Amino acid sequence: MTTIKQFLCGATVAGLVAGTGAAIGAPLSVLHSADWWLAAEHVLLIGTDGTNLSKILQYADNDGSGFKTAMDGGITGAANEVGHTTISGPSWSTILTGVWDTKHGVINNLFNPEPYNQWPTVFNLLEHYNPAINTSVIADWDYITDIGAAGGTGADSKTYIPFDTTWANTDAQVTAATIAQIMATKDNPDISNFLFSYQVQVDEAGHEFGGGSPEYSQAVVNVGANIEQILAAVAAVKALTGDDWSVIITTDHGHQQSLGFGHGFQSPNETQQFVIFDQAGDHATDGSQNLNYSIADITPTILALFGAPMRSDFDGKSMIDDPSILDSLVRPVNLEQALTDAMSLVGYPNIGDDITLAIRTVFTSIPYFIDKAVTQLSDYLQGIVDQDIFLVSGLAEAAQQVVQFVGGLGVDATEALAQVVAHMTGVGTIEPTDPPLSAEFTDAWSLLGLDPS
């Protein structure tokens, strides 16, 4: 349904386009008044870490799986990130900023908030555009909730679900929290919502057992069932309020089939990604395939759904109105076969890029693994400290301090080297051309090309 807020939003933008309003830092060329009149009020982004599309098609393309429900009701693209590091931190940063690692500069899974000051996240961009939009992130990896808090004005709500017994159980708690937040919108139908819900069990199963293992396949099935519950909640709240939700489902990278490093390199199994997009109110494209989707398109698409202005320096494009994407829509007779065929066309990058990216992955992974080892050893020693054993606990506490100090030095030294290697191999080498978000309002005169003196 069209609410008063939607009407006012459209009227305001119509005024801006006509020249009667003011949108400092938002070029009129990017203000699409028609899009803003029909702006989606609710957008749900579901992320499932390290999930191969091939395994979804093999094990979770059936009734009762949210993957199938979403693919049948939307558009699916067999995306890939050939030429970019297949590590979670850089890939989720691309999903949530709309730019690749050549711009945002994230190199590994050691969280650093600095990149998001230059390259704002979808949370920052939505909050800057309209603080009335309720932005939320629910995840069982604190790196994701940390992104939600970074970059100035972060998400309104950040819910971290800590590990509980198994990763399947933990993802189930993410699912329950996501459903609760969706259902809560029935009490506030006129408040726009963006919700990012993240689940990790597939990636964890891949690291522990391998991407070709029964455990990995079962994790894919589990997440499909979780997504089905979430989509059922969306349908239930729509029946109560009339408000529809646009839904995007994606992954950050794939997984090696054998037990080993997992991902980080350029094999087709590792660079394999997907984007499933079900736009609210659009049923003409149900069950279609798009040949040009990319994970970098997700943030621009979310902004477009809310009618927010685009950055000029995005790598991604809006999936709802960019001609190069709209012209890549096909309606295959057999979607599963068409997606399988599309994946089969993806190979390795040229040998030079493959070697360069492998070197980058090795160097950028070292500080992460040192940090992980230091954390695990420190936690073990803390367990001894907590037992308050005469003499032994005191020695454990002293050892813990040594481990943290020496380990911290090791992490800092290897991270500094990793940053140099990453930059030399193309990471973070492209500066933003758009001004910082704060400058759009605090430095309006310079943006207009005027001298206030």
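The values are calculated or read from the model by the stated rules, or taken from the named source; none is laboratory data. It should be emphasised that the depicted structure is a prediction, and the values quoted were computed from it without experimental measurement. No Cβ is skipped: glycine too gets one built from the backbone with ideal geometry, and neighbour counts run over all protein chains shown.
Tell me, please, whether a residue that is more than 24 Å from the chain's Cα centre (by Cα) and surrounded by 15 or more Cβ atoms within 10 Å (Cβ to Cβ) can be found in region 290-300. Give the derivation first.
In the first step, residues of region 290-300 are kept if they are more than 24 Å from the chain's Cα centre (by Cα); the result is none.
Checked against the condition, which is being more than 24 Å from the chain's Cα centre (by Cα) and surrounded by 15 or more Cβ atoms within 10 Å (Cβ to Cβ), region 290-300 yields no hits at all.
Test S88 against the criterion of being within 22 Å of A418 (Cβ to Cβ) and either among the acidic types (D, E) or modelled with pLDDT of 95 or more (or both), and give yes or no. I'd like the intermediate steps shown before the answer.
Working: within 22 Å of A418 (Cβ to Cβ): yes; either among the acidic types (D, E) or modelled with pLDDT of 95 or more (or both): yes.
Criteria met by S88.
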- Note on the structure: Residue pairs qualifying under the 7 Å Cβ cut-off, at least six apart or on distinct chains, with the first in region 420-431 being surrounded by fewer than 18 Cβ atoms within 10 Å (Cβ to Cβ) and the second being part of a loop (DSSP other than H, G, I, E, B) and of a type outside the set (A, V, I, L, M), are H423/T429
- Query: Right, E228: modelled with pLDDT of 95 or more, in contact with a Gly (Cβ under 6 Å, 6 or more places away or on another chain) and surrounded by fewer than 23 Cβ atoms within 10 Å (Cβ to Cβ) or not?
  - Reply: yes
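Can you go through A180, A205, A239 and tell me which one is surrounded by 15 or more Cβ atoms within 10 Å (Cβ to Cβ) and of a type outside the set (S, T, N, Q)?
Values: A180 fails: surrounded by 15 or more Cβ atoms within 10 Å (Cβ to Cβ); A239 fails: surrounded by 15 or more Cβ atoms within 10 Å (Cβ to Cβ).
Of A180, A205, A239, the one residue that is surrounded by 15 or more Cβ atoms within 10 Å (Cβ to Cβ) and of a type outside the set (S, T, N, Q) is A205.
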- Item | So V346, is it in contact with a helix residue (DSSP H, G or I) (Cβ under 7 Å, 6 or more places away or on another chain) and surrounded by fewer than 19 Cβ atoms within 10 Å (Cβ to Cβ) | yes
- Message: Among the residues in region 124-136, are any surrounded by fewer than 24 Cβ atoms within 10 Å (Cβ to Cβ) and either of a type in the set (F, W, Y) or outside the structural domain of Q256 (by TED's automatic domain parsing) (or both)?
- Response: yes
- Query: Within the group G254, G264, which residue is surrounded by fewer than 24 Cβ atoms within 10 Å (Cβ to Cβ), closer than 15 Å to G50 by Cβ, in the same structural domain as V223 (by TED's automatic domain parsing) and under 19 Å from the mean Cα position of the chain (by Cα)?
  - Reply: G264
- Could you please give the count of residues in region 150-188 that are assigned to a loop (DSSP other than H, G, I, E, B), within 15 Å of D140 (Cβ to Cβ) and of a type in the set (V, I, T)? 2
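Listed here are the residues, each with its yes/no results for (1) of a type outside the set (A, V, I, L, M, F, W, C); (2) crowded, with 24+ Cβ neighbours inside 10 Å; (3) touching an Asp or Glu at 6+ places or on another chain (Cβ under 7 Å).
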| residue | (1), (2), (3) |
| --- | --- |
| Y216 | yes, yes, no |
| A235 | no, no, no |
| D243 | yes, no, yes |
| A284 | no, no, no |
- Message: Cβ-Cβ under 9 Å, sequence separation 6+ or interchain: first residue in region 75-89 and within 11 Å of V275 (Cβ to Cβ), partner outside any loop (DSSP other than H, G, I, E, B) and among the aromatic types (F, W, Y). Which pairs?
- Response: I75/F277; T76/F277; G77/F277
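Right, S197: assigned by TED's automatic domain parsing to the domain that holds Q279, touching a residue at least 60 places away in the same chain (Cβ under 8 Å) and not in a helix (DSSP H, G or I) or not? So that I can check it myself, show each step before the final result.
Numbers: assigned by TED's automatic domain parsing to the domain that holds Q279: yes; touching a residue at least 60 places away in the same chain (Cβ under 8 Å): yes; not in a helix (DSSP H, G or I): yes.
When the stated conditions are applied, S197 passes them.
For (1) outside any helix (DSSP H, G or I); (2) of a type outside the set (S, T, Y); (3) within 26 Å of N188 (Cα to Cα), each residue gets a yes or a no:
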position: N108; (1), (2), (3): yes, yes, no
position: N117; (1), (2), (3): no, yes, no
position: N124; (1), (2), (3): no, yes, yes
position: P131; (1), (2), (3): yes, yes, yes
position: Y143; (1), (2), (3): no, no, no
- Look at L339 and say whether it is within 16 Å of G254 (Cα to Cα), buried (at least 22 other Cβ atoms within 10 Å of the Cβ) and not acidic (D, E). yes
- Message: So, in region 349-393, how many residues would count as being of a type in the set (A, V, I, L, M, F, W, C), surrounded by 17 or more Cβ atoms within 10 Å (Cβ to Cβ) and closer than 30 Å to Q272 by Cα?
- Response: 4
- Note on the structure: Of the residues in region 90-119, those that are within 23 Å of Q199 (Cβ to Cβ), surrounded by fewer than 24 Cβ atoms within 10 Å (Cβ to Cβ) and in contact (Cβ under 8 Å) with a residue 40 or more places away in the chain come to N109, L110
- Is it the case that E440 is modelled with pLDDT under 95 and either among the hydroxyl-bearing types (S, T, Y) or surrounded by 13 or more Cβ atoms within 10 Å (Cβ to Cβ) (or both)? yes
